[in-house]
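Reading through the structure tokens given below for one structure.
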Amino acid sequence: MINQVLKTISKIYHPLSDETNDIIKNRSKIVRYKKGHQLVKEGQVANKLYFVIEGCVKGYYCKRGKNISHWFAFENSFITTITSFSLGVKSRYILELLEDSVLLEFEKEDIIYLRSSHEDFQSLWSIVITKTLVQFSQRMASFQFDTAKQRYLNLIENYPIIENRVPLTDIASYIGMTPETLSRIRSSKYSKLT
């Protein structure tokens with residue numbers, strides 16, 4: 001399984017040398033967790049990076065007793081709480097599995113080693129970080145310039161499978177609306193299709 005995963009990473013992100021692949025095989029591991037498992041808890045320092053092989057992950061935070069969805073990750077995505085992982089500070093976010101999941105797990109010290117000793121992995125890391133920054137920037141711009149309906153339609157366009165895999169309350173939270181508003185928007189969208 002790991003050989004196929006590494007081929008996928010090389011195809012989507014950046015080609016990795018045989019030497020880099022061998023190091024990843026020796027220093028990472030494939031893990032399986034059940035739905036509801038928290039990869040990172042609030043207040044924990046994130047010291048692992050994951051690549052989603054199968055499953056769905058929600059990043060969220062708690063504010064005034066409410067869970068606020070901040071991002072979702074599906075197959076072929078790298079995930080961690082990036083500020084905690086990069087700076088070694090306690091995470092404000094929680095990473096929780098929304099489905100039974102299979103992940104490739106890296107320890108932070110192995111990421112540091114690979115980045116410092118293998119240019120191909122450093123290039124991969126740069127692409128991962130750039131994609132993350134672009135996604136967060138687009139999300140911020142969406143909140144600044146788009147209506148609630150536009151945010152929903154953009155989400156569905158970018159992630160057509162999301163409604164089948166993520167609870168609607170989490171989707172509503174992610175795009176900054178109440179579940180009732182999301183329900184009205186979805187109803188008007190589907191009534192136009194019939």
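The values are calculated or read from the model by the stated rules, or taken from the named source; none is laboratory data. Source: prediction; values computed, not measured. As a convention, Cβ positions derive from the backbone with ideal geometry for all residues, glycine included, and neighbour counts pool all protein chains shown. Heavy atoms of the whole protein, side chains included, go into the accessibility calculation; ligands, DNA and RNA do not. Shrake-Rupley method; radii C 1.70, N 1.55, O 1.52, S 1.80 Å.
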- Task: For an R0 of 41 angstrom, estimate the FRET efficiency from the Cβ-Cβ distance between Ser188 and Glu75 and round to the nearest 0.05.
- Result: 0.85
- Determine the sum of side-chain charges near Lys108: Lys and Arg each +1, Asp and Glu each -1, restricted to other residues whose C-beta is under 12 angstrom from that of Lys108. -1
- Message: Just to confirm a number: summing +1 for Lys and Arg and -1 for Asp and Glu over residues other than Thr20 whose beta-carbon lies under 12 angstrom from that of Thr20, what do you get?
- Response: -3
- Query: What's the angle, to the nearest 10 degrees (0 to 90), between helix 179-193's Cα axis and the longest principal axis of the chain?
  - Reply: 80
- Which of Leu87, Ile161, Val128, positive extreme of dipole for the chain (C-beta unit charges): Ile161
- Given labels modelled 7 Å from the Cα in the Cβ direction, how far is it in nm from Ile30 to Asn67? 2.8
- So, in nm, how far is label Ile12 from label Ile112 when the simple model puts each one 7 Å beyond its Cα toward the Cβ? 2.7
- Item | Distance between segment 78-92 and segment 133-183 - C-alpha centres, whole angstrom | 23
- Take the Cα atoms of segment 71-194, find their three principal axes, and give me the spread along each one in whole Å, biggest first. 56, 33, 28
- Message: How long are the semi-axes of the equivalent ellipsoid of segment 56-133, defined as square roots of 5 times the Cα gyration tensor eigenvalues? Whole Å, largest first.
- Response: 25, 15, 11
- By how many degrees, 0 to 90 and rounded to 10, does the Cα axis of helix 18-27 deviate from the longest principal axis of the chain? 80
- Order the following by accessible area, largest value first: Met177, Met1. Probe radius 1.4 Å; ligands, DNA and RNA are ignored. Met1, Met177
- Item | Pairwise FRET efficiency - Leu168 versus Gln144, Cβ, R0 = 25 Å, nearest 0.05 | 0.55
- Query: Which length gain, in nm to one decimal place, applies between Tyr159 and Lys90 when the Cα-Cα distance is subtracted from 0.36 nm times their residue separation?
  - Reply: 21.9 nm
- Query: Cα axis of helix 2-12 to longest principal axis of the chain: angle in degrees, 0 to 90, nearest 10?
  - Reply: 60
- Using a probe of 1.4 angstrom, how much of the accessible area of the chain is carbon and sulfur, in percent? 51
- For the chain, with every protein chain kept in place, what is the accessible area per residue (1.4 Å probe, Å²)? 56
- Message: Considering all projection directions equally, how large on average is the shadow of the alpha-carbon convex hull of segment 1-66, in square nanometres?
- Response: 6.0
- Glu180/Ser123 FRET efficiency (R0 30 Å; Cβ-Cβ; nearest 0.05): 0.10
